[in-house]
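*Asks:* My questions all concern the structure below.
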Amino acid sequence: MRMRGLRLILAVFLLAFALPALAVQPDEVLKDPALEARARALSEIVRCPVCQGENIDDSNAGIARDLRLLIRERLMKGDSDDEVIAYLTDRYGDFILFRPRVSGPNLILWGAGPVLLLVALLGAFLYIRRRSSAGPPAVEAPLTREEQERLEALTSAPPME
Amino acid sequence: MTELGHFSLSLALAIAILQATIPLIGAQTGRRRWMEFGTPLALAQFVAIAVSFAALTHAFITSDFSLRVVVQNSHSMKPMLYKIAGVWGNHEGSMLLWVLILAAFGAALALFGQGLPVALKARALAVQALIGVAFLAFILFTSNPFDRLAVPPFDGRDLNPLLQDPGLAFHPPFLYFGYVGLSMSYSFAIAALIGGRVDAAWARWVRPWTLAAWIFLTIGIAMGSWWAYYELGWGGFWFWDPVENASFMPWLLAAALLHSAIVVEKREALKSWTILLAILAFGFSLIGTFIVRSGVITSVHAFANDPERGVFILGILALLIGGGLTLFAIRAPGMQARGVFGVVSRESALIVNNILLAVAAFVVFIGTLWPLFAELAFNDKISVGAPFFDRAFTPFFVILALVLPFGAILPWKRGKLRTAARPLMGAAALAVALGALAFAMQTGRSALGPVGMALGAWLVLGAMTDLWLRAGRTPARLARLPRSDWGKAAAHAGLGIVIIGVSGVMAWTVEDIRTVKVGESFPLGQYEVTLDGVENGRGPNYSTRMATMTVREAGAVVAVLHPEKRFYPVQSMPTTEAAIQQGLFRDIYLTLGDHQDDGGWAVRSYVKPFTNWIWAGALLMGFGGLLSLSDRRLRIGAAARRVPAAQPAE
């Protein structure tokens, strides 16, 4: 940090400015674009452990930067994407993954939507079939007392010309 | 002033208790006077809460640091706009705004509901007041904004600088109008369940309120998304954050409710489903409030975490949702559908619409609450984030977009698939051609962009086809179509435009991260960006570092932009102010980072195609809703006059 020549107050601000870093920093970016793209894709599904619901790609936290560097380091060593994820979950648990695994209890999570859709479509089909073959209801809905009163008031009133 | 506000709030609670009981007893025992008493009570309740809200606003404007909320969320040097916005930029004040809007809807019903059956109106006002009682008690007992400090400090702690933004100043009120607007659908649903009667007239009454709430939600969500886009500094527009989901679920269900209420109104079918949706839509609003206010799910928005408040809201939730569903279970089987329709018909199409929207809402719901559930049930600590929702949610909207134009032109009662499909052939061919063109023009083989373009175009062209058919293929008749036809077409086309925007920006964003020295240039897509200089400056309650950057295309200057980094000393918090050059087909988005050791500056730059289509589409959807609403209002008067006579016929 270069503070020489600046007044003290500015130095305080500079220090404060310097505390949080922008998400991905220029010095983190890998030379190989393909590898860098894989690193970015991975860091989008990894949760920043100390933030509230941010992935490490967007996070300003120090640990997010460490994790981004770690992912790049593993990729440079030739790890596959799955190996990098396994490396991270071994240390931080599944909590660190924003995309839950499709296994165990999470099957309920992943399956809920499609299963519900099928059930709902089946139910709707049965309902529609019933409605398409049904005749009009045997009894018309009767008027409420209030409606009856209004109807009588209307019909007994002299015609408005 | 402050004591008056506090007193007035307590008074409002007392009035709300009366309003929740007297008209209801009147409706059950047939006492007209008692029923009609709901109207003045609703107006009085609104006035009392408005006085209370005005008192709190006054405290914020005059920086009355004897109030705890003012100390915690304001500062004497804060700009006036944010002093006022600070009223609802905190837990206590935002809950006060919540009940103010609730009472405003109640008062609106009291004023404009003259044509309603007296008993229905009395019951709806009573239910509305019951919600008011619950939330007024919540405010007075757990979150009183009028709490005093024994020793007032000299100055306040300021509002979170991220929230000091014009976009965010008006985002919460809009969202609250939407959330709370759904309370009207709920109140009508409960009133109808108590009264045991759901018919076309009922649906005609519920629809405008639901539509209004949905418009507010649409605009509110769009504002929040736009704020995130330019304020958070990396150009994201949607994060599937629990708090965003909390507003999205009611939006989805309100959209479903709008459509199913049409079926009740026109065809007297889907009655019990519509009632259920009305209960659930407001239920999800309450769940949203619970998620935001309790901090039960960690979220970037959690500025007011408090478990005790969470338990109180959970109690309200159990009362209103549980009570509503119980009543539904008892009364719904008695509701008889009357309309008869074929398998291929508008009715069936709207049922499919409802299924897709409801299931999509359910996916958002389970994804949002799953981490909590997995921890309680399986002791698994897991996370569910954007990668899940992108995969699990998107398919439902793809299907929805595919079937929508067909459904929109199917006739009521009974139609033929082939007859409906024929006029849409042109739209389909054009949409596929556009998708193919996008595929040919893009680098890479991603399907996201082309499919999004084709789907969006299909929706827009489908909406145009719909209008064309409604006008009997005669241009002269287009202008004479009812506004609801235009509203429907605008809203559907708006959805298409949103889809184009979302898929375009997700598929084709160009990003560049690098260190730049003053005077240096670098390429960004087809542009060249130069960092001309970086200067320090001061704002009213922050200090800033502002860069000057010139964007050129083929040597010609496209824009001179000033991305900033601000520092708010009171909260000791920096913010990134991106500089954006907006365009019809792309945004140029620049952010300034830290000073680097080699003397350069970290700079993140993006070209983001079709971004503005997202918000333009959302606005168009809201505008479509407004058009439809303005049409409905005319029809309500007509409907109310027709109701008694129209009843025995069909």
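The values are calculated or read from the model by the stated rules, or taken from the named source; none is laboratory data. Just so it is clear, the model here is predicted, and its values are computed rather than measured. Ideal geometry is used to build each Cβ from the backbone, glycine not excepted, and the neighbour counts take in all protein chains shown.
*Asks:* Of all residues in region B:198-234 being part of a loop (DSSP other than H, G, I, E, B) and surrounded by 22 or more Cβ atoms within 10 Å (Cβ to Cβ), which is farthest from the other protein chains (Cβ to nearest Cβ)?
*Replies:* B:198
*Asks:* Okay, next question. Of all residues in region A:18-45, which are more than 18 Å from residue B:576 (Cα to Cα), outside any helix (DSSP H, G or I) and in contact with a strand residue (DSSP E or B) (Cβ under 6 Å, 6 or more places away or on another chain)?
*Replies:* Answer for region A:18-45, where residues must be more than 18 Å from residue B:576 (Cα to Cα), outside any helix (DSSP H, G or I) and in contact with a strand residue (DSSP E or B) (Cβ under 6 Å, 6 or more places away or on another chain): just A:29.
*Asks:* Which of the residues spanning region A:61-97 are in contact with a Cys (Cβ under 9 Å, 6 or more places away or on another chain) and more than 16 Å from residue A:41 (Cα to Cα)?
*Replies:* Listed by number, the residues that qualify are A:61, A:63.
*Asks:* Somewhere in region B:37-56, is a residue in contact (Cβ under 8 Å) with a residue 24 or more places away in the chain, hydroxyl-bearing (Ser, Thr, Tyr) and out of contact with any Leu (no Cβ under 8 Å at 6 or more places or on another chain)?
*Replies:* no
*Asks:* Exactly one condition in (1) of a type in the set (Val, Ile, Thr); (2) over 16 Å from residue B:186 (Cα atoms); (3) at pLDDT 95 or above is not met by residue B:127; state its number.
*Replies:* With (1) of a type in the set (Val, Ile, Thr); (2) over 16 Å from residue B:186 (Cα atoms); (3) at pLDDT 95 or above applied to residue B:127, the lone miss is (2).
*Asks:* Now, a different point. Inside region B:550-600, can you point out the residues that are farther than 15 Å from residue B:516 by Cβ, β-branched (Val, Ile, Thr), within 14 Å of chain A (Cβ to nearest Cβ) and in a strand (DSSP E or B)?
*Replies:* Once the filter is applied, which keeps residues that are farther than 15 Å from residue B:516 by Cβ, β-branched (Val, Ile, Thr), within 14 Å of chain A (Cβ to nearest Cβ) and in a strand (DSSP E or B), region B:550-600 yields B:575, B:576.
*Asks:* What is the one condition in (1) out of contact with any strand residue (DSSP E or B) (no Cβ under 6 Å at 6 or more places or on another chain); (2) facing another protein chain (nearest Cβ under 7 Å); (3) within 30 Å of residue A:55 (Cβ to Cβ) that residue B:383 does not satisfy?
*Replies:* Going through (1) out of contact with any strand residue (DSSP E or B) (no Cβ under 6 Å at 6 or more places or on another chain); (2) facing another protein chain (nearest Cβ under 7 Å); (3) within 30 Å of residue A:55 (Cβ to Cβ) one by one, residue B:383 breaks only (1).
*Asks:* Can you list residue pairs whose Cβ atoms sit under 7 Å apart, with the first residue in region B:137-154 being over 11 Å from residue B:71 (Cβ atoms) and the second being not in a helix (DSSP H, G or I)? Count only pairs 6 or more apart in sequence or on different chains.
*Replies:* Note: pairs meeting the criteria are B:146/B:67.
*Asks:* Taking region A:62-102, which residues are within 12 Å of chain B (Cβ to nearest Cβ) and in contact with a Pro (Cβ under 8 Å, 6 or more places away or on another chain)?
*Replies:* If the condition is that a residue be within 12 Å of chain B (Cβ to nearest Cβ) and in contact with a Pro (Cβ under 8 Å, 6 or more places away or on another chain), then A:92, A:94, A:95, A:96, A:98, A:99 are the ones that fit.
*Asks:* Another question about this same structure. Can you confirm whether residue B:363 is surrounded by fewer than 21 Cβ atoms within 10 Å (Cβ to Cβ) and at the interface with another protein chain (Cβ under 7 Å from one of its Cβ atoms)?
*Replies:* no
*Asks:* Could you identify the single residue in B:649, B:639, B:645 that is among the small types (Gly, Ala, Ser), modelled with pLDDT under 90, surrounded by fewer than 23 Cβ atoms within 10 Å (Cβ to Cβ) and not in a helix (DSSP H, G or I)?
*Replies:* B:649
*Asks:* Still on this model: Go through region B:185-199 and give me each residue that's under 27 Å from the mean Cα position of the chain (by Cα) and of a type in the set (Gly, Ala, Ser).
*Replies:* Of everything in region B:185-199, those that are under 27 Å from the mean Cα position of the chain (by Cα) and of a type in the set (Gly, Ala, Ser) turn out to be B:185, B:187, B:189, B:191, B:192.
*Asks:* What's the number of the condition residue B:87 fails, among (1) assigned to a loop (DSSP other than H, G, I, E, B); (2) under 26 Å from residue B:16 (Cα atoms); (3) over 27 Å from the mean Cα position of the chain (by Cα)?
*Replies:* Of the numbered conditions (1) assigned to a loop (DSSP other than H, G, I, E, B); (2) under 26 Å from residue B:16 (Cα atoms); (3) over 27 Å from the mean Cα position of the chain (by Cα), the odd one out for residue B:87 is (3).
*Asks:* Among (1) modelled with pLDDT of 90 or more; (2) within 31 Å of the chain's Cα centre (by Cα); (3) not aromatic (Phe, Trp, Tyr), which single condition is residue B:520 missing?
*Replies:* So residue B:520 meets the others, but not (2).
*Asks:* Within region B:106-120, can one find any residue that is closer than 30 Å to residue B:65 by Cβ and in a helix (DSSP H, G or I)?
*Replies:* no
*Asks:* Still on this structure, please answer the following. Report, by residue number, each residue of region B:242-266 that is among the charged types (D, E, K, R) and either away from chain A (no Cβ under 13 Å) or buried (at least 24 other Cβ atoms within 10 Å of the Cβ) (or both).
*Replies:* Within region B:242-266, B:265, B:266 qualify.
*Asks:* Now, a different point. Under 7 Å between Cβ atoms, at least 6 apart or on separate chains: pull out the pairs that start in region B:305-329 with a residue that is at pLDDT below 80 and end on any residue that is of a type in the set (D, E, K, R).
*Replies:* Note: pairs meeting the criteria are B:309/B:293; B:310/B:293.
*Asks:* Taking the stated definitions as given, is residue A:109 facing chain B (nearest Cβ under 10 Å), part of a helix (DSSP H, G or I) and closer than 25 Å to residue B:377 by Cβ?
*Replies:* yes
*Asks:* Of everything in region B:337-354 that's in contact (Cβ under 8 Å) with a residue 24 or more places away in the chain and over 29 Å from the mean Cα position of the chain (by Cα), which residue is surrounded by the fewest Cβ atoms within 10 Å (Cβ to Cβ)?
*Replies:* B:338
*Asks:* Return yes or no: is residue A:43 more than 7 Å from chain B (Cβ to nearest Cβ), more than 30 Å from residue B:373 (Cα to Cα) and polar (S, T, N, Q)?
*Replies:* Answer is no for this residue.
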